[in-house]
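The values are calculated or read from the model by the stated rules, or taken from the named source; none is laboratory data. This is a predicted model, so every value here is computed, not measured. Ideal geometry is used to build each Cβ from the backbone, glycine not excepted, and the neighbour counts take in all protein chains shown. When the accessible area is computed, the model is the full protein with side chains, heavy atoms only, and any ligands, DNA or RNA have been set aside. Shrake-Rupley method; radii C 1.70, N 1.55, O 1.52, S 1.80 Å.
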Amino acid sequence: MSYVVGFGSHYPKHVHHRGASIPKNNVKYSCKGGWKWRNTSNPNPNTIVGAMVAGPDKFDGFHDVRTNYNYTRPTLAGNAGLVAALVALSAHHDAKTTSATVIDKNTIFSAIPPMFPTPPPPPAPWKP
């Protein structure tokens, strides 16, 4: 099960998001007018590809039900961690120099401490 919408073949189809659940038919709906789509069991007419939903419960259960937003709501806070991790891990590899250029050119993640401490330098060579 993927918790990223549109990723893989088995992902959330009932995302708790107004833009995903109301059909795009050039009709403007009021706030209350959108409730009929929130409460339907039909899959969303629009797929918000790349949004990560809240995910499973503590028993690894996931209920793909739009009205239960604890599972199916995509949030900025939830997606920010995924985006930050992917940017920090990504790099552009230069085939000529076999080195990697980090994409984080503006060093927006430089204040994040490393996950693991820096290993100590190797010991000096042994001399008899």
Efficiency of FRET from Cβ geometry, residue 46 and residue 7, R₀ 22 Å, rounded to 0.05 | 0.85
With an 8 Å cut-off on Cα pairs and a minimum separation of 6 or more residues, tell me the relative contact order of region 34-82 in percent.
-> 36 percent
For region 1-39, list residues with backbone N below 18 Å from a point placed 7 Å from the Cα of residue 63 toward its Cβ?
-> 12-17, 38-39
Residue 18 to residue 84: FRET efficiency via 1/(1 + (r/R0)^6), r the Cβ-Cβ distance, R0 30 Å, to the nearest 0.05?
-> 0.75
Run the 1.4 Å probe and let me know the accessible area of residue 30, rounded to the nearest 10 Å².
-> 70 Å²
